[in-house]
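Following: one structure in structure tokens, then a few remarks.
The values are calculated or read from the model by the stated rules, or taken from the named source; none is laboratory data. Bear in mind that the values here come from a model prediction, so they are computed numbers and not experimental data. With ideal geometry, Cβ positions are generated from the backbone for all residues, glycine too; neighbour counts draw on all protein chains shown. The accessibility values were calculated without ligands, DNA or RNA, using every heavy atom of the protein model including side chains. Shrake-Rupley method; radii C 1.70, N 1.55, O 1.52, S 1.80 Å.
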Amino acid sequence: MNENETGTHPIPVPDMKHAHVPGMAAYDQLVAEAEADHSGYWSRLAREFLTWKTPFTKGLDDSRAPFFEWFEDGTLNVSYNCLDRQVERGLGDKTAIIFEADDGQVTRVSYRDLLARTCRMANALKARGVKKGDRVVIYLSMSIEGVVAMQACARIGATHSVVFGGFSAQSLRDRIQDVGAVMVITADEQLRGGRQLPLKAIVDDAIALGGCEAVTDVIVYRRTGGKIAWDPSRDRWLHEEMQNQAESCEPEWVGAEHPLFVLYTSGSTGKPKGVQHSSGGYLLHAALTMKWTFDLKDDDVFWCTADIGWVTGHTYIAYGPLALGATEVVFEGVPTYPDAGRFWKMIQDHKVSVFYTAPTAIRSLIKAAEADEAVHPKRYDLSSLRILGSVGEPINPAAWKWFHQNIGGGRCPIVDTFWQTETGGHMITPLPGATPLVPGSCTLPFPGIAAAIVDETGTDVPNGQGGILVVKKPWPSMIRTIWGDPERFKASYYPPELKGYYLAGDGAIRDAQTGYFTITGRIDDVLNVSGHRMGTMEIESALVSCTDLVAEAAVVGRPDETTGEAICAFVVLKGPRPSGEEAKKIANELRNWVAREIGPIAKPKDICFGDNLPKTRSGKIMRRLLRSVAKGETITQDTSTLENPAILEQLAQRN
Ligand code: PRX
């Protein structure tokens, strides 16, 4: 077998009879329970996993489909479920967070401390007038304060919207404006890889762009002490705001459907979508998947390397681990600083037992380990590891096998978890004590998730034949709507031709023998670069907004060994097509422009200049052909409908 092919011989399950889901019989039983009574199954789990202030009387309400509701008449508080509940059951002294700073400094926070800090911040927010239903934007790097800020919002019923610290002022402004935030919580600067990067200055720029008039307060966590501008009418230091606040704060009991957060993600148009999540259903799946997918036990040390700016950091840093009373590592820095052994050293130092990361990180660390023996994982003691996880993009079998052997010592199951911002938690994933593994396959649906593969008419396709990934039944942690745009929600996820199934936006195929799922990639104009989701249209809009230079632009993805996909932009300039040094210079200018407009993560890797773009006679850009050009393929497709076939050759030269 080619080592990058998906295997067909499942790797047997290690002996894990004490697993929470111990074996395929237990898995099948859960699946059967959900099939027999979908709403009843989820309701049983919602009673077992969450503490309700007012018990709910019904599970699924589909009377307003596709705006589904779960446990609607129940009330609860997410922060109570994550913090108070742990203290009440005697875990007050247990370490909730082991925070490792960029420079290696370690801070431990117990559940009791985390609760006290959350209450003080919650009281500080209330003192500034933030109340239930208000939106708060959080623009912070990885920090204890980030988690506390999210928990504090949850405690008072404010809806948070975390914006990844790598987004530009423009992107931040768009999100503040769209969500109608009354407050922004940020830091003076962030520290990553030994470098101080601005945060507060970007908030200042975002607000200066206009449209953020609802923001009355900017709360600033002092991280580096770097110099920042200060507007006394609006800016406040977090430590001063928290100074005299009480360490207790009565939770705001909210309905299960109350929006816990809105998280922006890319879609197939230029405007990011504000994915709205619930409180009850969301937290249920966060807790349940923590327990079953990671087989989490009381003495585990869990580490998810994601950033709280992405959904993985929401579900598997800010909420899931805490809802189970786990000990988790939170890391401020980057995997390559001070060297590419950082992850392995941290696993060794903190005796991490469950490690959850992204294929891009694994692939770049493989390269680093191969180039430099000193940072090879064999130099570290990784024997504490029990379970490994992968998320965000397909993991190619070669990287899977390296991860399995070199990090997991051949003994740790890898859970390749497929899910999305919209799904709130894992959808298709192995369960470590049950599912035989196949490198490159996310295996089988989580019990209760009705994942299936259909054609364009919503009809099931047989195993072995690719199609469109859908979820046939609603589930508790699903997206509730797109903030402020219910019509777009319906059109994006419940197109009429799909019979009321949730459209994931990915293609997939099930193995003819095992029925295992393999995700074949997005079927829309969404790219996945280093596990970061990006819309081609967003990048195109950013490029054409450079009106001095750009006449037209088209963006496509191409496979990349390390980042999974790379962004490739085809650009027609207003002036003549540049070549040589001049082309390089303009390409760099455009990259920086995109970084300013969206953020550095959206910088195109390749920029090719042409006199035109390949278009049909009716003027439609043929992206299919551009994708082939981007990959460096010889064009074998029919080009007879092209207005200007010669342009393909020009673009293929890639200046
Ligand atoms: O294309 C799929 C890919 O990432 C997309 C979701 O991106 P986002 O909403 O940013 O959430 C990422 C973290 C959950 C999906 O539509 N994707 C995610 N996980 C996997 C994956 N592709 C293959 N295998 C996975 N395990």
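Conditions tested, residue by residue: (1) more than 16 Å from the ligand (Cβ to nearest atom); (2) among the β-branched types (Val, Ile, Thr); (3) closer than 30 Å to Ser384 by Cβ; (4) modelled with pLDDT of 95 or more.
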| residue | (1), (2), (3), (4) |
| --- | --- |
| Gly225 | yes, no, no, yes |
| Glu257 | yes, no, no, yes |
| Phe261 | no, no, no, yes |
| Gly267 | no, no, no, no |
| His277 | no, no, no, yes |
| Thr293 | no, yes, yes, yes |
| Val311 | no, yes, yes, yes |
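Just for strands (runs of 3 or more DSSP E) wholly inside the stretch 222-290: which have at least 1 residues that are closer than 30 Å to Leu543 by Cα?
261-265, 273-277
If we scan the stretch 252-259, do we find a residue that is in contact with a Lys or Arg (Cβ under 8 Å, 6 or more places away or on another chain), surrounded by fewer than 18 Cβ atoms within 10 Å (Cβ to Cβ) and touching a residue at least 60 places away in the same chain (Cβ under 8 Å)?
Checked against the condition, which is being in contact with a Lys or Arg (Cβ under 8 Å, 6 or more places away or on another chain), surrounded by fewer than 18 Cβ atoms within 10 Å (Cβ to Cβ) and touching a residue at least 60 places away in the same chain (Cβ under 8 Å), the stretch 252-259 yields at least one hit.
Only one of Gly535, Gly521 is surrounded by 22 or more Cβ atoms within 10 Å (Cβ to Cβ) and within 12 Å of the ligand (Cβ to nearest atom). Can you tell me which?
Gly535
When you look at Arg411, is it within 19 Å of Pro10 (Cβ to Cβ), away from the ligand (no atom under 15 Å from the Cβ) and in contact (Cβ under 8 Å) with a residue 24 or more places away in the chain, yes or no?
Judged against the criteria, Arg411 is a match.
Inside the stretch 136-159, can you point out the residues that are part of a strand (DSSP E or B) and either over 24 Å from Pro335 (Cα atoms) or of a type outside the set (Ser, Thr, Tyr) (or both)?
Val136, Val137, Ile138, Thr159
Between Leu382, Leu437, Leu469, which is more than 22 Å from the chain's Cα centre (by Cα) and within 15 Å of the ligand (Cβ to nearest atom)?
From the options Leu382, Leu437, Leu469, the qualifying one is Leu437.
Taking the stretch 291-315, which residues are open to solvent by 10 Å² or more (accessible area, probe 1.4 Å), over 20 Å from Gly448 (Cβ atoms) and in a helix (DSSP H, G or I)?
Thr312
How many of the residues making up the stretch 491-510 are away from the ligand (no atom under 15 Å from the Cβ) and either β-branched (Val, Ile, Thr) or in contact (Cβ under 8 Å) with a residue 24 or more places away in the chain (or both)?
6
Quick grid of which residues meet (1) of a type in the set (S, T, N, Q); (2) in a strand (DSSP E or B); (3) open to solvent by 30 Å² or more (accessible area, probe 1.4 Å); (4) within 15 Å of the ligand (Cβ to nearest atom):
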{"site": "His426", "(1), (2), (3), (4)": "no, no, no, yes"}
{"site": "Ser441", "(1), (2), (3), (4)": "yes, no, no, yes"}
{"site": "Gly448", "(1), (2), (3), (4)": "no, no, no, no"}
{"site": "Ala452", "(1), (2), (3), (4)": "no, yes, no, no"}
{"site": "Glu456", "(1), (2), (3), (4)": "no, no, yes, no"}
{"site": "Gly464", "(1), (2), (3), (4)": "no, no, yes, no"}
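Answer yes or no as to whether Ala542 is touching an Asp or Glu at 6+ places or on another chain (Cβ under 6 Å), more than 18 Å from Ile621 (Cβ to Cβ) and either part of a strand (DSSP E or B) or more than 16 Å from the ligand (Cβ to nearest atom) (or both).
no
Among the residues of the stretch 600-640, how many are surrounded by 13 or more Cβ atoms within 10 Å (Cβ to Cβ), in a loop (DSSP other than H, G, I, E, B) and in contact with a strand residue (DSSP E or B) (Cβ under 9 Å, 6 or more places away or on another chain)?
Qualifying residue count for the region: 9.
Might you check whether a residue that is open to solvent by 10 Å² or more (accessible area, probe 1.4 Å), out of contact with any helix residue (DSSP H, G or I) (no Cβ under 6 Å at 6 or more places or on another chain) and more than 18 Å from Gln276 (Cα to Cα) occurs anywhere in the stretch 116-125?
There is at least one residue in the stretch 116-125 that is open to solvent by 10 Å² or more (accessible area, probe 1.4 Å), out of contact with any helix residue (DSSP H, G or I) (no Cβ under 6 Å at 6 or more places or on another chain) and more than 18 Å from Gln276 (Cα to Cα).
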